[in-house]
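Working notes, structure below.
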């Protein structure tokens with residue numbers, strides 16, 4: 001570690017703190033009970049494994065107050081720029097270095113108190129008074145396990161539960177329940193946030209509402225979430241999980257839109273492209289029903305054929321021995337246009353359904369295909385342009401070999417609060433938009449560094465074409481992306497750019513937070529200052 005750097009930090013009085021937190025002391029012992037540690041390999045790596053920016057130091061805070069001391073010291077520097085930028089890191093599932101801080105400080109939120117306190121004052125007449133107060137470093141699987149003990153659960157999820165609460169709320173948090181309940185950021189009642197100024201603020205839709213909505217979907221630009229109050233609902237003991245297959249993209253999307261028009265009956269809707277036999281096998285690891293579906297993918301030299309799978313679920317509260325659920329599935333399936341008889345269903349526990357991707361993870365780990373580069377592309381696409389986006393992917397991304405999955409499913413824009421920082425496409429067709437998640441894995445045996453770079457460039461071209469607005473453009477918006485330039489960020493936020501800049505000036509005026517996103521360039525990096 002560079003001693004000059006440590007002594008420059010020691011010159012900041014606010015960092016000469018005596019914190020009650022249990023910090024590991026720096027080897028140089030400059031600060032006494034110090035909050036900064038030498039970086040670990042994980043602090044410069046994430047799930048995407050395509051960007052690696054090492055920080056100067058990491059922090060493992062024991063409370064929001066510890067985070068506030070650090071940010072207050074950096075933001076109150078007499079210099080026009082802070083001495084280091086700060087990134088919050090939860091479970092490390094960013095894709096392109098968004099939770100990294102080259103030459104700065106990574107705050108590891110998993111060290112914050114992760115207690116999940118479930119409050120259900122009165123759920124006899126509904127769920128309005130049921131909520132959970134959750135530490136931002138808690139994983140969603142930990143939240144689920146604790147809430148289920150009270151027979152409750154958050155209404156909206158992500159497909160993968162081993163992500164932190166603060167991490168998903170800083171983006172949006174989406175899965176197949178979002179058409180019905182909105183994303184996770186639409187199900188937050190209150191937040192505790194440490195702003196870039198070092199202020200600890202409790203905020204909600206009625207208390208400091210501008211900060212509350214700024215932070216939700218705010219990509220870590222305005223504050224670090226340290227606690228969240230999440231809305232809860234009654235949790236079903238079991239779920240009826242159904243899959244149906246298609247050879248027509250039009251029928252596939254029409255049936256998905258039919259399903260989301262039935263929120264009283266249907267609780268979850270997703271779908272995916274079936275590109276080959278491997279797509280069927282890998283996506284069925286967690287699905288307990290045997291799928292007897294062996295389509296012709298054009299292996300005899302004819303044009304490549306792609307199939308599609310609609311996936312939906314119905315909560316089973318085990319009323320009348322499950323007959324209600326059977327009736328819903330029978331009623332819905334009769335109106336659908338899938339390839340008959342290829343509809344399959346299974347009854348699973350609610351926990352196992354929500355935790356389904358864990359089984360896929362375990363399988364990939366066994367194959368050595370989990371800790372590999374993930375050059376993913378995620379897009380929100382207006383419903384009227386969904387077929388055009390599919391064709392664009394077919395002509396580019398799917399023209400050659402493909403390892404991974406492509407999820408395709410609808411959302412409703414009116415389930416998103418427009419005051420948050422999350423960015424959606426314009427949806428003139430009744431508010432329907434689609435998620436396209438190109439979840440590509442780069443198998444090291446076939447795809448080295450140059451291959452990964454080529455995939456990223458290919459995805460960049462697709463994103464540029466898809467996100468072009470006006471003049472016949474698709475008008476999509478990226479999700480979980482790190483844009484290549486500030487101009488791209490301006491285009492991404494569109495009319496919301498001025499609001500974003502104003503919020504940044506209000507809550508993080510010296511731009512301490514979120515350097516890994518690249519939204520607000522910062523040239524005076526800590527490394528260059530101490531060189």
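The values are calculated or read from the model by the stated rules, or taken from the named source; none is laboratory data. Treat the numbers as computed from the prediction; the structure is a model and nothing was measured. With ideal geometry, Cβ positions are generated from the backbone for all residues, glycine too; neighbour counts draw on all protein chains shown.
Can you name the residue in the range 484-500 that is at pLDDT 95 or above and in contact with a helix residue (DSSP H, G or I) (Cβ under 9 Å, 6 or more places away or on another chain) and is also nearest to residue 196 (Cα to Cα) among such residues?
500
Anything in the range 199-212 that is in contact with a helix residue (DSSP H, G or I) (Cβ under 9 Å, 6 or more places away or on another chain) and in contact (Cβ under 8 Å) with a residue 60 or more places away in the chain? List them, or say none.
Answer for the range 199-212, where residues must be in contact with a helix residue (DSSP H, G or I) (Cβ under 9 Å, 6 or more places away or on another chain) and in contact (Cβ under 8 Å) with a residue 60 or more places away in the chain: 199, 200, 210, 211.
Select from the range 473-498 the residues that are free of Cβ contacts under 8 Å to residues at least 24 places away in the same chain and not in a loop (DSSP other than H, G, I, E, B) and list them in ascending order.
Passing the criteria: 487, 488, 490, 495, 497, 498.
Just to be sure before I move on: is residue 262 out of contact with any strand residue (DSSP E or B) (no Cβ under 9 Å at 6 or more places or on another chain), at pLDDT 95 or above and farther than 23 Å from residue 61 by Cα in the structure I sent?
Spelling it out, residue 262 is indeed out of contact with any strand residue (DSSP E or B) (no Cβ under 9 Å at 6 or more places or on another chain), at pLDDT 95 or above and farther than 23 Å from residue 61 by Cα.
Would a scan of the range 439-449 turn up a residue that is assigned to a helix (DSSP H, G or I) and at pLDDT below 95?
Scanning the range 439-449 turns up at least one residue that is assigned to a helix (DSSP H, G or I) and at pLDDT below 95.
Considering only residues that are in contact with a helix residue (DSSP H, G or I) (Cβ under 8 Å, 6 or more places away or on another chain) and in a loop (DSSP other than H, G, I, E, B), look in the range 501-520 and name the one that is surrounded by the most Cβ atoms within 10 Å (Cβ to Cβ).
Filtering the range 501-520 for residues that are in contact with a helix residue (DSSP H, G or I) (Cβ under 8 Å, 6 or more places away or on another chain) and in a loop (DSSP other than H, G, I, E, B), the one surrounded by the most Cβ atoms within 10 Å (Cβ to Cβ) comes out as 512.
Identify all residues within the range 367-392 that are in contact with a helix residue (DSSP H, G or I) (Cβ under 7 Å, 6 or more places away or on another chain) and not in a loop (DSSP other than H, G, I, E, B); write none if there are none.
377, 379, 381, 386, 387, 389, 390, 392, listed by residue number.
In the range 106-206, which strands (runs of 3 or more DSSP E) lie fully inside it and hold 1 or more residues that are buried (at least 23 other Cβ atoms within 10 Å of the Cβ), modelled with pLDDT of 95 or more and touching a strand residue (DSSP E or B) at 6+ places or on another chain (Cβ under 9 Å)?
By residue number, 130-135, 188-195.
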